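Peer 1: Have a look at this one before I ask anything.
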Amino acid sequence: MTTDGSRGRHPESKRGMASGRIRAVRTVPGEIGEHAGRLTPEQKLDLWGHLWRTRLVEERLTLLYRTGKVVGGLYRSLGQEGVAVGTAWALEPRDWIGPLIRDLGAMLVRGVRPREVFAQYLARATSPTGGRDGNTHFGDLSRRIVAPISHLGALIPVMGGVALAAKRRGEDAVAMTWIGDGGSSTGDFHEGLNMAAVLEVPLVVILENNGWAYSTPTHRQAKVADLVVRADAYGIPGEIVDGNDVLAVYDASRRACEHARGGGGPVLLEMKTFRMRGHAEHDDAAYVPSDQLEAWRERDPILRYDRILESEGVLTAEERERRVAELRREIDADADFAVDSPMPDPSFCLGRVYTGDGGAA
Ligand SMILES: Cc1ncc(C[n+]2csc(CCOP(=O)(O)OP(=O)(O)O)c2C)c(N)n1
Ligand SMILES: [Mg+2]
């Protein structure tokens, strides 16, 4: 198994994952993969827009949190937006996603509007759950989004089941789900991945290794340095990816989807990234060494992508400012929509709790 980046791309990876051999490979830093290399300027700008929209929605949510309007916690993906966005952006409309709370970017890529997100966090009657949930625990089967589950690991068997259903129906669809470094130590993760591997279902699991599970550093909850080695245990391919390089994230995700869609079974991608905020906004993350934060700040996925697009002549600094301002206007209008929306009528609160009770909103 090659997990040492200094040795470069494993020869096996050149032939792609479908070679049948189990390998954990590491994407070579800075190398433009086959899929990323084919992107048009328009596609690159679309990807850019999703990255910035994710960051700006979360910035706006932080303001709403600090002014006491968010009713619960706020779990940001600052510094790791490239993972949720780059992976979901690699999917086809017929594919399924099962995101976690830190994968707001995947939901936005899938077509969820910022106003839905703001209304959720403010628990307003206009939100997808009618005010019953205070963050992103909502799904939408029409957009092929399975709702996040707070119990870490639980989405793996669920999405394995979604992948199995897609396979049996001949939908040619992939199911993608996300898990943290901490969540990958749960029983559900292992049981779900093993079952999915044995059944050879088209499941792509994105392991977001951001170095911390709340205040527990990864080395305090796993003895292995690279969590991707867990793929080996279940006989499936795995790859280590620079999660702060959105093009590498996209490229690896496309390859993983091709493998899964082609009948090769599940794939595990370990995205090395970093959480630049506390676990949630109430956590000041005093336990994170400041030099670690500084080192990752240099590798901010959005500013890195900005620089790439500027050097390629795809997006000048002036045009970037114009587009960011436009996104801010869209997001402000959506935030205002949520702030101006009513709270739910208390009589609605028991609706949708049990099946068959109808429920309002
Ligand atoms: C099974 C389970 N155990 C504990 C928790 C409480 N909990 C919520 S988030 C979290 C830390 C998760 O860390 P990680 O999986 O690395 O994801 P990250 O927060 O870094 O994105 C914990 C312990 C939970 N939701 N589910
Ligand atoms: Mg983590």
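Peer 1: So, in region 217-229, of the ones that are free of Cβ contacts under 8 Å to residues at least 40 places away in the same chain and outside any loop (DSSP other than H, G, I, E, B), which residue ends up nearest to ligand 2 (Cβ to nearest atom)? Walk me through it before giving the result.
Peer 2: Narrowing region 217-229 to residues free of Cβ contacts under 8 Å to residues at least 40 places away in the same chain: 217-220, 223-224.
With the extra rule that they be outside any loop (DSSP other than H, G, I, E, B), the set shrinks to 217-220.
Numbers: Pro217: 9, Thr218: 7, His219: 12, Arg220: 12 Å.
Of everything passing the filter in region 217-229, Thr218 is nearest to ligand 2 (Cβ to nearest atom).
Peer 1: Take the residues in region 202-216 that are assigned to a strand (DSSP E or B) and within 10 Å of ligand 1 (Cβ to nearest atom), then tell me which one is farthest from Leu100 (Cα to Cα).
Peer 2: Here is the first cut: in region 202-216, the ones assigned to a strand (DSSP E or B) are 203-209, 212-213, 216.
Subsequent filtering for residues that are within 10 Å of ligand 1 (Cβ to nearest atom) retains 207-209, 212-213, 216.
On the way: Leu207: 11, Glu208: 10, Asn209: 13, Trp212: 16, Ala213: 14, Thr216: 19 Å.
This residue is Thr216.
Peer 1: Limited to region 135-157, what total is found for residues that are under 24 Å from Glu116 (Cα atoms), assigned to a helix (DSSP H, G or I) and within 16 Å of ligand 1 (Cβ to nearest atom)?
Peer 2: Looking only at that region, the number is 1.
Peer 1: Of a type in the set (Lys, Arg), under 19 Å from Gly211 (Cα atoms) and more than 16 Å from the chain's Cα centre (by Cα): is that true of Arg255 in this structure? Walk me through it before giving the result.
Peer 2: On the way: of a type in the set (Lys, Arg): yes; under 19 Å from Gly211 (Cα atoms): no; more than 16 Å from the chain's Cα centre (by Cα): yes.
Spelling it out, it is not the case that Arg255 is of a type in the set (Lys, Arg), under 19 Å from Gly211 (Cα atoms) and more than 16 Å from the chain's Cα centre (by Cα).
Peer 1: What number of residues within region 254-276 satisfy the criterion of being touching a strand residue (DSSP E or B) at 6+ places or on another chain (Cβ under 7 Å) and either in a helix (DSSP H, G or I) or without any contact (Cβ under 8 Å) to a residue 40 or more places away in the chain (or both)?
Peer 2: Step one: of region 254-276, the residues touching a strand residue (DSSP E or B) at 6+ places or on another chain (Cβ under 7 Å) are 256-257, 259-260, 266-273, 275.
If we keep only those that are either in a helix (DSSP H, G or I) or without any contact (Cβ under 8 Å) to a residue 40 or more places away in the chain (or both) as well, we get 256-257, 259-260.
Result for region 254-276: 4.
Peer 1: Kindly provide the set of residues from region 202-216 that are under 21 Å from Val174 (Cα atoms), within 15 Å of ligand 2 (Cβ to nearest atom) and not hydrophobic (A, V, I, L, M, F, W, C), ordered by number. Talk me through it step by step, then tell me what you get.
Peer 2: The first filter runs over region 202-216 and keeps only residues under 21 Å from Val174 (Cα atoms), leaving 202-208.
This time we only want the ones that are within 15 Å of ligand 2 (Cβ to nearest atom), so: 205-208.
Once the filter is applied, which keeps residues that are under 21 Å from Val174 (Cα atoms), within 15 Å of ligand 2 (Cβ to nearest atom) and not hydrophobic (A, V, I, L, M, F, W, C), region 202-216 yields only Glu208.
Peer 1: Also, quick follow-up: Residues Val246, Val241: which one is hydrophobic (A, V, I, L, M, F, W, C), in contact with a Pro (Cβ under 9 Å, 6 or more places away or on another chain) and either touching a residue at least 24 places away in the same chain (Cβ under 8 Å) or more than 15 Å from ligand 2 (Cβ to nearest atom) (or both)? Spell out the reasoning first.
Peer 2: Details: Val241 fails: in contact with a Pro (Cβ under 9 Å, 6 or more places away or on another chain).
One residue alone meets the criteria, Val246.
Peer 1: Quick one: how many residues across region 174-201 are open to solvent by less than 10 Å² (accessible area, probe 1.4 Å) and more than 16 Å from ligand 2 (Cβ to nearest atom)? Spell out how you get there, then give the answer.
Peer 2: Restricting attention to region 174-201, the residues satisfying the condition of being open to solvent by less than 10 Å² (accessible area, probe 1.4 Å) are 174-179, 181, 183-184, 189, 192-193, 196, 201.
Right, trim to more than 16 Å from ligand 2 (Cβ to nearest atom) and you get 174-176, 192-193, 196, 201.
Summing the residues that are open to solvent by less than 10 Å² (accessible area, probe 1.4 Å) and more than 16 Å from ligand 2 (Cβ to nearest atom) in region 174-201 gives 7.
Peer 1: Sticking with this structure for a sec: Just to be sure, is Ala325 open to solvent by less than 60 Å² (accessible area, probe 1.4 Å) and touching a residue at least 40 places away in the same chain (Cβ under 8 Å)?
Peer 2: In short, no.
Peer 1: Another question about this same structure. Hey, could you check region 277-317 for residues that are in contact with a Phe, Trp or Tyr (Cβ under 7 Å, 6 or more places away or on another chain) and part of a helix (DSSP H, G or I) and say which is most open to solvent (accessible area, probe 1.4 Å)?
Peer 2: Only one residue fits best here, namely Trp296.
The values are calculated or read from the model by the stated rules, or taken from the named source; none is laboratory data. Remember, it's a predicted structure, so these values are computed and weren't measured experimentally. Heads up, the Cβs are rebuilt from the backbone with ideal geometry, glycines too, and the neighbour counts pull from every protein chain shown. Heads up: the accessible areas ignore ligands, DNA and RNA and are worked out on the full protein's heavy atoms, side chains in. Shrake-Rupley method; radii C 1.70, N 1.55, O 1.52, S 1.80 Å.
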